[in-house]
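Notes follow once the structure below has been shown.
The values are calculated or read from the model by the stated rules, or taken from the named source; none is laboratory data. It should be emphasised that the depicted structure is a prediction, and the values quoted were computed from it without experimental measurement. Cβ coordinates were reconstructed from backbone atoms using ideal geometry, including for glycine residues, and neighbour counts include every protein chain displayed. Heads up: the accessible areas ignore ligands, DNA and RNA and are worked out on the full protein's heavy atoms, side chains in. Shrake-Rupley method; radii C 1.70, N 1.55, O 1.52, S 1.80 Å.
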Amino acid sequence: MLRMHSLETIVSWAKRKWFVYPWSDIYGWLANAWDYGPYGIQLKKNIQDLRWKTFVQQKPDMVGLDAQILMHPKVWETSGHVDNFDDPLIDDKNTGERFRADKIIEDQIELMRKWNNEALSDDDIIKTLQEKYWVTNLIPESWSFEKMHDFIVKEIPNNPNSKKSKPADRTEVRKFQMMFYTYQGVVHDDADAKIWMRPETAQGIFVNFRNILDTTRMRVPFGIAQIGKAFRNEITPGNFLYRTREFEQMEIEYFVSNKKDEAMKAFEDRKVASKDRWENKLKLSADKIRFREHESDELSHYSDGTFDVEFEYPRGWGELQGIAYRTDFDLKNHQEASGKNMQYNDPFTGERYIPHVIEPSFGLSRTTLAVMLDAYDEEEYTNGKGEKETRVVARFPFAIAPVKVAIFPLIKKDENHVRISHEIYAQLSGSLMVEYDDGGAIGKRYRRQDEIGTPYCITVDNASTESGTVTVRNRDTMEQETIKIDELLEFFAKIS
Ligand code: GAP
């Protein structure tokens, strides 16, 4: 039975096992920024490839796109991001320190749990807060600024950083622009040279809508998918890969009829399909996935309805994916601002209209974190000598495991074991990520592969020379079976 381990355990394992490294470590780590190591990049790439296969390759109504990170500045004015893309900030006038309002509330709720020895359920806490502050969930980023301010003034009277527990003198909760910018060209003091770094990949899709319509045979309903980097000047990045300033998104803009009932049906269909994909493709535990509908004061400026798919992280439930009904907000605004026609001409009915949009949007970095949290396990088992031992095993599904098969020559100095192992490596590496490992006792090599989640290990021994067979050991059951070398390709083809 898998249980959730602490974030500290996962961070330490991820660093030790080459998944994630602290950013620019040799010059001193900038807190909460991370680089992906050899296994981390492979895991992330496998998740990305699986998503692309599911959403683009296997869907006749979908196409892909790769737009630039630095887009025309007008895009962000038109999309509303220049005016509306912000985080809630609150200052302490006594010390000049600045805090992200929802974050300090989150920490305070965590403290409330601890003070009560975890005896209060989330429902109990919600009930108390509802009576005092009219809030209906424990996700402060969804609360209005007034509710956040009210809570902070009453529940967190002192500055959270202050050692002297001096009462804080709070400002109102204010907006903080989250987009990064840079300059293009050689003149940096020219306002025209200022250019925003995209905070979402979605706008690259909207500005290419007309191109796709004019140059492909796509007809509404259809979707465009994009995977790429996004940048947000988060005031308080943290919780490992959960909230970082540079991250990757996978977004789909799905263009549907402008009739509200048809659009809502597409919205509902996406919701159902989405739950199925998290559980059956990425194989996240069903009890760690839930839906939460945004309240009206939480909705993004472009949305007429949003559901979050939430995952249960060690600190509690948090967003993994958003599914938003963006109406015709973006295309209509881009039509007005650019003067370019964004209407769709229905070839069957002759109607002309601006399509509405359903947007499933998820973070690749956050998904990688959820997958790691869900896969990591510490299992007690009885070894060959009847003794109890504990092993760390990352139970990644085969499709996304960074290494699919490890190949061990039983004796590192035996020419035949080594030669056959290399032959198997050459045979399998054309279609699978495989690893050659000849270091240490076989038991140690198994443990090493369990820790990085390799589903199968092949051992080459004397039987391989004599009868052309190898031992294949299963990561989860730890059972071994004998398989002919000639049949290995077919064996793994069936699994993948
Ligand atoms: N186009 C809509 C949009 O960007 P969002 O809810 O702001 O919606 C979508 O972001 C997804 O991007 C989130 O569900 C989350 O997985 C991921 N995400 C957002 N901000 C992030 C951050 N600072 N670090 C890591 N992932 C983030």
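The lone criterion from (1) of a type in the set (S, T, N, Q); (2) outside any strand (DSSP E or B); (3) open to solvent by 10 Å² or more (accessible area, probe 1.4 Å) left unmet by THR390 is number (2). Inspect all residues belonging to the range 211-232 and state whether any of them is polar (S, T, N, Q), open to solvent by 10 Å² or more (accessible area, probe 1.4 Å) and near the ligand (Cβ under 10 Å from one of its atoms). No, because not a single residue in the range 211-232 is polar (S, T, N, Q), open to solvent by 10 Å² or more (accessible area, probe 1.4 Å) and near the ligand (Cβ under 10 Å from one of its atoms).
Within the range 193-205, can one find any residue that is open to solvent by 20 Å² or more (accessible area, probe 1.4 Å), within 12 Å of the ligand (Cβ to nearest atom) and either closer than 30 Å to GLY339 by Cβ or touching a residue at least 12 places away in the same chain (Cβ under 8 Å) (or both)? Checked the range 193-205: no residue is open to solvent by 20 Å² or more (accessible area, probe 1.4 Å), within 12 Å of the ligand (Cβ to nearest atom) and either closer than 30 Å to GLY339 by Cβ or touching a residue at least 12 places away in the same chain (Cβ under 8 Å) (or both).
Cβ-Cβ distances below 6 Å connect the following pairs, each with a first residue in the range 417-434 that is over 9 Å from VAL405 (Cα atoms), a second residue that is in a helix (DSSP H, G or I) and open to solvent by less than 20 Å² (accessible area, probe 1.4 Å), and a separation of six or more residues or different chains: ILE420/SER464.
Against the list (1) over 24 Å from PRO355 (Cβ atoms); (2) within 16 Å of the ligand (Cβ to nearest atom); (3) surrounded by 16 or more Cβ atoms within 10 Å (Cβ to Cβ), the condition ALA168 fails is (2). Within the range 41-59, residues that are free of Cβ contacts under 8 Å to residues at least 12 places away in the same chain reach partners that are assigned to a helix (DSSP H, G or I) and buried (at least 19 other Cβ atoms within 10 Å of the Cβ) with beta carbons closer than 9 Å, at six or more positions or on different chains, in the pairs ASP49/ILE400. Note down all Cβ pairs under 9 Å where the first residue falls in the range 223-237 and is over 13 Å from THR201 (Cβ atoms), the second is among the acidic types (Asp, Glu) and open to solvent by 20 Å² or more (accessible area, probe 1.4 Å), and they're at least six residues apart or on different chains. Qualifying pairs under 9 Å: GLY223/ASP61. Evaluated against (1) open to solvent by 20 Å² or more (accessible area, probe 1.4 Å); (2) modelled with pLDDT of 90 or more; (3) outside the structural domain of ARG292 (by TED's automatic domain parsing); (4) within 30 Å of the chain's Cα centre (by Cα), ARG245 falls short on exactly one condition, (3).
Across the range 157-165, a minimum of one residue is classified as outside the structural domain of PHE222 (by TED's automatic domain parsing) and either surrounded by 15 or more Cβ atoms within 10 Å (Cβ to Cβ) or in contact with a His (Cβ under 7 Å, 6 or more places away or on another chain) (or both).
Can you confirm whether PHE267 is under 30 Å from PHE180 (Cβ atoms) and aromatic (Phe, Trp, Tyr)? Criteria not met by PHE267. Scanning the range 363-378 for residues that are near the ligand (Cβ under 8 Å from one of its atoms) and either among the polar types (S, T, N, Q) or within 30 Å of ASP346 (Cα to Cα) (or both) gives SER365, THR367. What about GLU253, is it in contact with a strand residue (DSSP E or B) (Cβ under 7 Å, 6 or more places away or on another chain), modelled with pLDDT of 95 or more, within 16 Å of the ligand (Cβ to nearest atom) and open to solvent by 70 Å² or more (accessible area, probe 1.4 Å)? Criteria not met by GLU253.
With respect to the conditions (1) within 16 Å of the ligand (Cβ to nearest atom); (2) open to solvent by less than 30 Å² (accessible area, probe 1.4 Å), ASN239 lacks only one, and its number is (2). Do we find a residue being within 21 Å of TYR376 (Cβ to Cβ) and away from the ligand (no atom under 14 Å from the Cβ) anywhere in the range 294-305? Within the range 294-305, not a single residue is within 21 Å of TYR376 (Cβ to Cβ) and away from the ligand (no atom under 14 Å from the Cβ).
If you check GLY37 against the conditions, is it open to solvent by less than 40 Å² (accessible area, probe 1.4 Å) and more than 22 Å from GLN203 (Cα to Cα)? Yes. In the range 175-185, which residues are in contact with a helix residue (DSSP H, G or I) (Cβ under 8 Å, 6 or more places away or on another chain), away from the ligand (no atom under 16 Å from the Cβ) and not polar (S, T, N, Q)? Answer for the range 175-185, where residues must be in contact with a helix residue (DSSP H, G or I) (Cβ under 8 Å, 6 or more places away or on another chain), away from the ligand (no atom under 16 Å from the Cβ) and not polar (S, T, N, Q): TYR183, GLY185.
Flag set for ASP92, criterion: open to solvent by less than 70 Å² (accessible area, probe 1.4 Å), charged (D, E, K, R) and more than 24 Å from the chain's Cα centre (by Cα). Being farther than 19 Å from LEU364 by Cβ and within 16 Å of the ligand (Cβ to nearest atom) is true for just one of PHE247, PHE267. Which residue is that? Testing whether each residue is farther than 19 Å from LEU364 by Cβ and within 16 Å of the ligand (Cβ to nearest atom) leaves just PHE267. Restricting the range 465-477 to residues that are touching a residue at least 24 places away in the same chain (Cβ under 8 Å) and more than 30 Å from the chain's Cα centre (by Cα), the residue that is surrounded by the fewest Cβ atoms within 10 Å (Cβ to Cβ) is THR465.
The strands (runs of 3 or more DSSP E) found wholly in the range 266-365 and carrying at least 3 residues that are without any contact (Cβ under 8 Å) to a residue 40 or more places away in the chain, in the same structural domain as PHE231 (by TED's automatic domain parsing) and open to solvent by less than 50 Å² (accessible area, probe 1.4 Å) occupy 306-313.
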